[in-house]
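Peer 1: Here it is: the structure, laid out below.
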């Protein structure tokens, strides 16, 4: 069996919905044992979210299935004295604790960093919240949509006529989860040298603004406030979406040699010497005229033909696909991006889950088990934790 980078690491996961569970899913794919601690009888809110009402009613909604495969579930109420004993034993035996409550919630129920560090000095504690654990906004509630709006992201998504638009998936939750997984992994590497854990305070707002590096930097460095540009890339031209005979095509000829190759391939080599398009800055200033010239030719052939010809010549180009079409790409199957499991309800239905695009020693990272039913592993951890409590009290 393959030894993964985080094999032997145990993660106590108190998170729910997306940012935290997405983080722990990445850690699980890298080999960690993730123990999902859920409220008895209720569990992760994502269990009731998704497009299939029957799955939602059964506590295995599509939103939950998306990022909880390979994890274990144990029900603990941190306000119940017996469950607190079991929780503390679990913390003692773990390497990482994740939570995404509002700032200060865990501290108020007696499990702030001082107490957690007392229980386990080697613990890496990561608190994911909308705005961080301190500051004037720290106590405010936040979901992905709120962060997208506050970060400035929505103000540059769309066209001048349609802005502001929400990005079509929970990008701030996802970015927050990825940054958290990176920080946890780095902290575990640091702990291997120092022997000490640490407290990670992750702000989804800051992670989202950080992910917007280029438009943010253009403003901070040059004082240029970014504007919505629809399907166009502000840094280069031609770089955007074009109509073809049967669909839309993205072209990103951002380098001079790519632009020259593009002009040759579409049979318009004279555009290279046109003063309006001769250099990078000139092309940006004359973007609309250039797009018109290119569009006249691109509309004469199907998108896939252009994709094959342009990409084959080193010009970045590809069709714009629906989610259904993207998931059918042979490239994803070739890389082992999908894992086929069974539904956790024992129905025998097949469940397909996704990986994260990383291969370790040429092998894709995959979950070994389906997402857990609520409390599926209660007995396993009750026995383990009781033994540990007796050992601690002896």
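The values are calculated or read from the model by the stated rules, or taken from the named source; none is laboratory data. Predicted model, so just to flag it, every value in this text is computed and none were measured. Every residue, glycine as well, gets a Cβ built from its backbone with ideal geometry; the counts of neighbours run over all protein chains shown.
Peer 1: Being surrounded by fewer than 18 Cβ atoms within 10 Å (Cβ to Cβ), within 30 Å of residue 206 (Cα to Cα) and assigned by TED's automatic domain parsing to the domain that holds residue 301 narrows it down to one of 218, 254, so name that one.
Peer 2: Numbers: 218 fails: assigned by TED's automatic domain parsing to the domain that holds residue 301.
It is 254.
Peer 1: Mind listing whichever residues of region 87-105 are part of a helix (DSSP H, G or I) and either modelled with pLDDT of 95 or more or buried (at least 23 other Cβ atoms within 10 Å of the Cβ) (or both)?
Peer 2: Quick first cut of region 87-105, residues part of a helix (DSSP H, G or I) only: 87-92, 105.
Residues satisfying the conditions are 87, 88, 89, 90, 91, 92.
Peer 1: Any idea which of 186, 207, 180, 142 is in a loop (DSSP other than H, G, I, E, B) and either under 21 Å from the mean Cα position of the chain (by Cα) or not assigned by TED's automatic domain parsing to the domain that holds residue 356 (or both)? I'd like the intermediate steps shown before the answer.
Peer 2: Details: 186 fails: in a loop (DSSP other than H, G, I, E, B); 207 fails: in a loop (DSSP other than H, G, I, E, B); 180 fails: in a loop (DSSP other than H, G, I, E, B).
On inspection, the qualifying residue turns out to be 142.
Peer 1: Any residue that is farther than 30 Å from residue 68 by Cβ, part of a loop (DSSP other than H, G, I, E, B) and in contact with a strand residue (DSSP E or B) (Cβ under 6 Å, 6 or more places away or on another chain) - is there at least one of those in region 304-321?
Peer 2: Within region 304-321 (the criterion being farther than 30 Å from residue 68 by Cβ, part of a loop (DSSP other than H, G, I, E, B) and in contact with a strand residue (DSSP E or B) (Cβ under 6 Å, 6 or more places away or on another chain)), the answer is yes, since at least one residue qualifies.
Peer 1: Okay, next question. Within region 210-233, how many residues turn out to be assigned to a loop (DSSP other than H, G, I, E, B) and either in contact (Cβ under 8 Å) with a residue 40 or more places away in the chain or more than 30 Å from residue 178 (Cα to Cα) (or both)?
Peer 2: Our first condition is that a residue be assigned to a loop (DSSP other than H, G, I, E, B); within region 210-233, this holds for 212, 223-233.
In the following step, the residues that additionally are either in contact (Cβ under 8 Å) with a residue 40 or more places away in the chain or more than 30 Å from residue 178 (Cα to Cα) (or both) were identified as 212, 226-230, 232.
Residues that pass the stated criteria total 7.
Peer 1: I'd like the residue in region 336-363 that is assigned to a loop (DSSP other than H, G, I, E, B) and in contact with a helix residue (DSSP H, G or I) (Cβ under 9 Å, 6 or more places away or on another chain) and, out of all such residues, is surrounded by the most Cβ atoms within 10 Å (Cβ to Cβ).
Peer 2: Residue satisfying both the conditions and the ranking: 344.
Peer 1: From the list 301, 333, 283, 366, pick out the single residue that is assigned to a loop (DSSP other than H, G, I, E, B) and out of contact with any strand residue (DSSP E or B) (no Cβ under 7 Å at 6 or more places or on another chain). Please lay out each step first, then the result.
Peer 2: Numbers: 333 fails: assigned to a loop (DSSP other than H, G, I, E, B); 283 fails: assigned to a loop (DSSP other than H, G, I, E, B); 366 fails: out of contact with any strand residue (DSSP E or B) (no Cβ under 7 Å at 6 or more places or on another chain).
Result of the check over 301, 333, 283, 366: 301.
Peer 1: Could I ask something else about it? Taking residue 59, is it at positive phi, in the same structural domain as residue 17 (by TED's automatic domain parsing) and in contact with a strand residue (DSSP E or B) (Cβ under 8 Å, 6 or more places away or on another chain)? Reasoning before the result, please.
Peer 2: Numbers: at positive phi: yes; in the same structural domain as residue 17 (by TED's automatic domain parsing): yes; in contact with a strand residue (DSSP E or B) (Cβ under 8 Å, 6 or more places away or on another chain): no.
It is false that residue 59 is at positive phi, in the same structural domain as residue 17 (by TED's automatic domain parsing) and in contact with a strand residue (DSSP E or B) (Cβ under 8 Å, 6 or more places away or on another chain).
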